[in-house]
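Report on the structure given below.
The values are calculated or read from the model by the stated rules, or taken from the named source; none is laboratory data. Just so it is clear, the structure is predicted and the values come from calculations on it, not from any experiment. Every residue, glycine among them, receives a Cβ derived from its backbone with ideal geometry; neighbour counts consider all protein chains shown.
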Amino acid sequence: MSQEEKSKKPFNAAWYLVIAAAAFIAIIVVFFEFVLQSPVVPFSTFKSNFAAADNVSIVVEFSNNTQTAYETNCFNDLAYVVHSSYSKHVNQFYIYNYNSTCEYSPTLYPVNITTKPESYCLNIANGEPSIILSYSNANSTTITARQLQIAGNNNYMQMCPIAAEIS
């Protein structure tokens, strides 16, 4: 083995070690970015964060006009409970997914509605603890430390158990 061949082997081994270390770091970064970004937590964690925040949002999403009647009563019940149970600023958003608009009021009482793009409202809601209601044939709930997403059918929206749970 020539001197030139001997000098290349350690360099190649070191090079492979650097590549392996970079790949390992990339895997760790991806893991933390996607897996741990919004871990599911117990309801008590969300409720504690919601209660401690100065600003919160209540969002209702509509995919069509028919759903408005199903979800509005639950949204109103929830808004009333949050307003009466917590001393804080509450943003309320009616998001119309079918035309990408949002009716927004920076206060629950008195209501002062402004029409904004859907993205404007979602940016605010995603930046603070928020409860998001949407209509679905199948009931489901996703809870993270700062967001409670509830998809419910007509029966769920009529009963609106989240209003009692959040109080």
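Some observations on this one:
- Some residue of region 66-81 being β-branched (Val, Ile, Thr) and touching a Phe, Trp or Tyr at 6+ places or on another chain (Cβ under 6 Å): yes
- Evaluation of Tyr135 against the conditions (1) at pLDDT 90 or above; (2) over 18 Å from Ala163 (Cα atoms) shows that the sole unmet condition is (2).
- Count of residues meeting criterion [closer than 9 Å to Ser57 by Cα, of a type outside the set (Val, Ile, Thr) and either in contact with a helix residue (DSSP H, G or I) (Cβ under 7 Å, 6 or more places away or on another chain) or in contact (Cβ under 8 Å) with a residue 60 or more places away in the chain (or both)] in region 112-148: 4
- For region 98-111, filtering for residues that are more than 15 Å from Ser57 (Cβ to Cβ) and either in contact with a helix residue (DSSP H, G or I) (Cβ under 7 Å, 6 or more places away or on another chain) or without any contact (Cβ under 8 Å) to a residue 24 or more places away in the chain (or both) leaves 5.
- Spans of strands (runs of 3 or more DSSP E) in region 61-167 with at least 2 residues basic (Lys, Arg), buried (at least 17 other Cβ atoms within 10 Å of the Cβ) and over 18 Å from the mean Cα position of the chain (by Cα): none
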